[in-house]
Amino acid sequence: MIDSIKSKISNNIRITEEEALNLYKDVDLLTLGSLAQERRFNLVPNKHVSFVIDTNLNYTNICDAYCSFCAFYRTDPSDPSSYTYSVDQMIDKIRKAREKGCTTILMQGGLNSDIPFEFYTEIVSRTVKEFPDITPHFFSAPEIMKMTEVSGLTIKEVFQELKKAGQRTMPGGGSEILTNEIKSKISRFKPKNSVDQWTDVHRNAHDVGIYTTATMMYGHLEDDSDIIETLSHIRKVQDEAINSKPAKFTAFIPWSFKKDNTALGKKITKEAGPNQYLRIIAISRIFLDNINHIQASWFSEGYKTGQIALSFGADDFGGTLFDENVMLSAGFYNRTSVDGIKKLINDAGYEAVQRTTEYDLIEVTSKAI
Ligand code: SF4
């Protein structure tokens, strides 16, 4: 069976879920890596590795979702460590990020019912008006659902309003593992927090022309088949987008669960290590044949593992993430600079190229999407 899968990969033929599970579970790491590199160079036929200059800002840590894997949220507004910033305060933070050279602002927050829908549209419109050289890469699927709740609008109408305000891209958080069984175990399960919720939000974003990323947080309660099921849902949404929509997923970004200070962490004896991360990068590249960019994360997995992932199918190195508080809350801290990122990429044998949020390369003329 492995020989027939290898032949499919060499001939750029799509592999099935069953074949992906087989590869992921049974093939040795280096073979998996070389198969992934074959796919990588078929899709991205040069040694460019892109990165973005960005930061991750949070407008509130008040949240009513109670995800057991999260160390970031607070439930009580009177807790001295809780916060909700105004639009003016966030604009000030964006100004400071711009002074550091950021071109992308990744902004996310807790699910705070006291924030009106106008907050979200205003922060987008002020960002694009006051900082035309910055792309607002704001809000993930659970926040979009919170916006439908506070506004009474449909998912599509929320996106239409955000697009009218100037939003063009959205991050892919909130997927974690895309099986209803795992979702029911790691966050407060209700019909809205299901696989369908995450995929519907992204389908609607693509419908109105907003590009999104897809993510996966693994290394907790899932098994191997849950990982392949997650990839399968993402591949399906991307097939629909490519066939009929004005936008699609730009990249897939996996990262491992960080357990410190979380309720879920008490049930996990061991965090996922580099071996599993590299297998996941490789199988993602092979299985997600319709997503151009697979992102390696120096930030979540460490500098060395991030570098090695570039030889396991990844062609993007993420961002500078000057400010990051979600993983920091779980006791995880990594930092670098623009020169640091370039050096890591170049030292791994690739050519570092700055990109936009939409994965267009800035220093060369090619169109990446
Ligand atoms: S992961 Fe997001 S939605 Fe879940 S508790 Fe944390 S802040 Fe809230």
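The values are calculated or read from the model by the stated rules, or taken from the named source; none is laboratory data. What you see is a predicted model, and the numbers here were worked out from it, not measured in a lab. Glycine also receives a Cβ, built like all others from the backbone with ideal geometry; neighbour counts cover every protein chain displayed.
General remarks:
For every residue, the table says whether it meets (1) more than 24 Å from A263 (Cα to Cα); (2) surrounded by fewer than 14 Cβ atoms within 10 Å (Cβ to Cβ); (3) over 22 Å from the mean Cα position of the chain (by Cα); (4) free of Cβ contacts under 8 Å to residues at least 24 places away in the same chain.
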| residue | (1), (2), (3), (4) |
| --- | --- |
| G33 | yes, no, no, no |
| L43 | yes, no, no, no |
| I62 | no, no, no, no |
| S68 | no, no, no, no |
| S81 | no, yes, yes, yes |
| T84 | no, no, yes, no |
| R95 | yes, yes, yes, no |
| T103 | yes, no, no, no |
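- Residue tally, condition in contact with a strand residue (DSSP E or B) (Cβ under 8 Å, 6 or more places away or on another chain) and either outside any helix (DSSP H, G or I) or within 16 Å of the ligand (Cβ to nearest atom) (or both), over segment 32-45: 1
- Tally of residues being touching a Lys or Arg at 6+ places or on another chain (Cβ under 6 Å) and either more than 9 Å from the ligand (Cβ to nearest atom) or of a type in the set (D, E) (or both) across segment 50-61: 3
- Condition broken by A214, with the remaining ones in (1) touching a His at 6+ places or on another chain (Cβ under 8 Å); (2) surrounded by fewer than 18 Cβ atoms within 10 Å (Cβ to Cβ) satisfied: (2)
- When K266, K245 are checked against the criterion of being more than 19 Å from R14 (Cα to Cα), touching a helix residue (DSSP H, G or I) at 6+ places or on another chain (Cβ under 6 Å) and not polar (S, T, N, Q), K245 stands alone in meeting it.
- Sole residue being on the phi > 0 side of the Ramachandran plot and not β-branched (V, I, T), chosen from N61, N12, N46: N12
- Evaluation of Q160 against the conditions (1) away from the ligand (no atom under 16 Å from the Cβ); (2) of a type outside the set (K, R); (3) under 18 Å from the mean Cα position of the chain (by Cα) shows that the sole unmet condition is (3).
- Residue within segment 282-297 that is modelled with pLDDT of 95 or more, among the β-branched types (V, I, T) and in a loop (DSSP other than H, G, I, E, B) present: yes
- Selection of segment 138-157 for residues being buried (at least 20 other Cβ atoms within 10 Å of the Cβ) and within 16 Å of the ligand (Cβ to nearest atom) yields F138, F139, S140, A141, P142, E143, I144, M145, K146, M147.
- Here N204 passes the criteria (1) out of contact with any strand residue (DSSP E or B) (no Cβ under 9 Å at 6 or more places or on another chain); (2) closer than 24 Å to K25 by Cα except the one numbered (2).
- Residues in segment 102-130 that are among the charged types (D, E, K, R) and assigned to a helix (DSSP H, G or I): E118, E122, R126, K129, E130.
- Applying the condition of being assigned to a loop (DSSP other than H, G, I, E, B) and surrounded by 12 or more Cβ atoms within 10 Å (Cβ to Cβ) to segment 1-31 and asking which residue is farthest from the chain's Cα centre (by Cα) yields V27.
- Only residues that are more than 23 Å from S256 (Cα to Cα) and within 15 Å of the ligand (Cβ to nearest atom) were counted in segment 70-79, giving 4.
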